[in-house]
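Just below is one structure, and these are the notes that go with it.
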Amino acid sequence: MFCVKRIRDLPRTIAFKLTIWYAVIFAISSSIAFIVFYVMVIGSVHGQTDTYLLDKAEEMRSLLASEGLKALEGEINREARALGTKRVFFRLIGRDERILASSDISGWRRIGIDGGMLKMALAGKPAFKTTSMIESRQQHRRARILYIPLSDGMILQMGLSLRNEGKLLESFREVFTTAMLIVITMAGLGGWFLAHRALRRVADVTSVAREISKGSLKSRVPLTGTGDEIDRLASTFNEMLDHIQKLVSEMREITDNIAHDMRSPITRIRGSAEVALMQERRAEEYQETLAEIISECDRLLSLINVTLDISEAESGLMKLNMKRVDLSDIARRIAEMFRPVAEEKGLNLQVKAESEVYAMADPNRLLQAAANLVDNALKYTPPEGDITLSVDMEGDHAVLGVSDTGVGIPPEEISRIFRRFYRGDRSRSGAGFGLGLSIAQAIVHAHGGEIHVDSSPGEGSTFKILLKAAIPNNTSSG
Ligand code: ADP
């Protein structure tokens, strides 16, 4: 069944089509080569025949001039017998188409005198022609005929049978037909072999794709290292698989983290409700429990909202209300927002924004991103530390920086802090979901900007938001 299907699908395969093309191109090019060769051989055979006839005519002409008609008559009979009367004939034609002398032409019964050629010869020019005479039902005899003037209006008509040349050309055709069949078969086999060899590697890609569709994301197409088209396709395919595998494992990690982070508030909500229901309580106690439940629900909602915001920003679907924004203004607004918390923690929060620096941004989203950086600075800086919001230009970038003199980030954690749900070892006990930097980065990327971080453990950290600077304008487009 499988075999029948394979045979039925064969004409649709690239290998089959390539093989046919290969064989057809081979057949056409060898036929053209044969035709050119064949025409050249025919030309050369005719050339040799014509030279022979002209040489003989020259001999006859000098004999007639030196020894007369009788001697010529004897010579043409002798010559015809020597070569075979069926192979050659001579006829001397006088005025009024009278036959003056002739060799034995019994084997040339159907040969006549062509008036047109005779006239041409009488005009002094040798006239050639190839004729075909029917000898029997199956047999045709081809011959080369020459009319050539001798003297006194006498014309020598000569005929030479082309039977031997015909046989030569016939065997030439037979040899070629056999050679053609061999060449086409070889071309077909060669084409099939080459196409199959090249496409076997495509089959490898197909079989890996099939394994993946069954759920195994670990399979990879083996590379030969030749760097050819198929190797490049395989390597691109493998890169794509690496990317998909990374995305799938990230998604798995995120789902696990969300599930993990949702479990604690839900357990707490359930616990509070259960305790409240165990016995009859006073109205204030019920109010307290409900307030606890609302606060846990808010935590859950904020977790869900932030996760959705990150996905929206990363997929490019976040709606941004872009305006010309003065980063100094953003820095000052954030400082005002966080000053009470900073004071409560005994931290010194200051803004260094001497000049106006503009960028195109959604002010609310930019505020959200920068607020997360300041929130972290407050969380990870011990009392009496300094937090500085700075605004500057770096090349053609407008930069909003947040520096602290806090705990800093160990170098091995730097590459991980922007991942969703990542929390540093020392931060796990504190508040937070590990989403603050992820959302900040997603927002800045959605603006076409970048976030850079520079940190030394024990000395502090500096986070910078870099956006393409906008030309200052007195009339803000907001
Ligand atoms: P969260 O603060 O909720 O843990 P974030 O995504 O905001 O999550 O930060 C990820 C991690 O990066 C933190 O857990 C912390 O280890 C580290 N981090 C971020 N900002 C700072 C900072 N200013 N100083 C020291 N560590 C920081």
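Taking 18 Å as the straight-line reach from the Cα of Lys214, the aspartates and glutamates in range (excluding those fewer than 8 positions away in the same chain) are Asp204, Asp242. Using θ = phi - 60° in the Karplus curve 6.51 cos²θ - 1.76 cosθ + 1.60, the 3J(HN,Hα) couplings for the range 244-249 round to 5, 4, 5, 4, 5, 6 Hz; x is entered for Gly and Pro. Ordered by the number of other Cβ atoms lying within 10 Å of each residue's own Cβ, fewest first, Lys468, Lys218, Lys345 fall into the sequence Lys218, Lys468, Lys345. Can you find, among Leu92, Val4, Leu189, the residue sitting farthest towards the positive end of the charge dipole of the chain, where Lys and Arg contribute +1 and Asp and Glu -1 at Cβ? Checking the options against the dipole of the chain, the answer is Leu92. Put a plus charge on the Cβ of each Lys and Arg, a minus charge on the Cβ of each Asp and Glu, and nothing anywhere else: the dipole of the range 201-333 about its Cα centre is then about 240 debye.
Considering only Asn372, Ile14, Ser29, and ranking their Cα positions along the charge dipole of the chain that arises from unit charges at the beta-carbon of Lys, Arg, Asp and Glu, the one farthest toward the positive end is Ser29.
Rounded to the nearest 20, the Cβ-based charge dipole of the chain about its Cα centre (Lys and Arg +1, Asp and Glu -1) stands at 4420 debye. Which of the aspartates and glutamates could a cross-linker bridge to Lys167, judged by Cα under 20 Å and excluding same-chain residues fewer than eight apart? Qualifying aspartates and glutamates at Cα under 20 Å: Asp50, Glu135.
Test of the criteria: in the range 71-141, which trypsin sites (Lys or Arg not before Pro) are in a DSSP loop and have at most 10 other Cβ atoms within 10 angstrom of their Cβ? Sites meeting the loop and neighbour criteria: Arg98, Arg109, Arg110, Arg137. Neighbour counting of Cβ atoms within 10 Å sorts the residues Arg220, Arg163, fewest neighbours leading, into Arg163, Arg220.
Take every pair of alpha-carbon atoms less than 8 Å apart whose residues are at least six positions apart; their mean separation over the length of the range 321-478 yields a relative contact order of 27 percent. Using θ = phi - 60° in the Karplus curve 6.51 cos²θ - 1.76 cosθ + 1.60, the 3J(HN,Hα) couplings for the range 416-421 round to 9, 5, 8, 5, 5, 6 Hz; x is entered for Gly and Pro. Here the contact order of the range 91-152, divided by its residue count and restricted to Cα pairs under 8 Å and six or more residues apart, works out to 24 percent.
Computed about the Cα centre, the dipole magnitude for the range 401-450 is approximately 240 debye when only Lys and Arg (+1) and Asp and Glu (-1) carry charge, each at its Cβ. Across the chain, the relative contact order, built from alpha-carbon pairs under 8 Å that are at least six residues apart, equals 10 percent. Taking the average, over residues, of other Cβ atoms within 10 Å as the packing measure, peptides 319-326, 154-161 rank 154-161, 319-326 from highest down. Taking each of Lys352/Lys468; Lys218/Lys319; Lys218/Lys464; Lys323/Lys464; Lys345/Lys464; Lys323/Lys379 in turn, the alpha-carbon distance tops 27 angstrom for Lys218/Lys319; Lys218/Lys464; Lys323/Lys379.
Bear in mind that the values in this text are calculations on the coordinates, not laboratory data. In this text, all values refer to a predicted model and were calculated from it rather than measured experimentally. Positions of Cβ are backbone-derived with ideal geometry, glycine not excepted, and every protein chain shown enters the neighbour counts.
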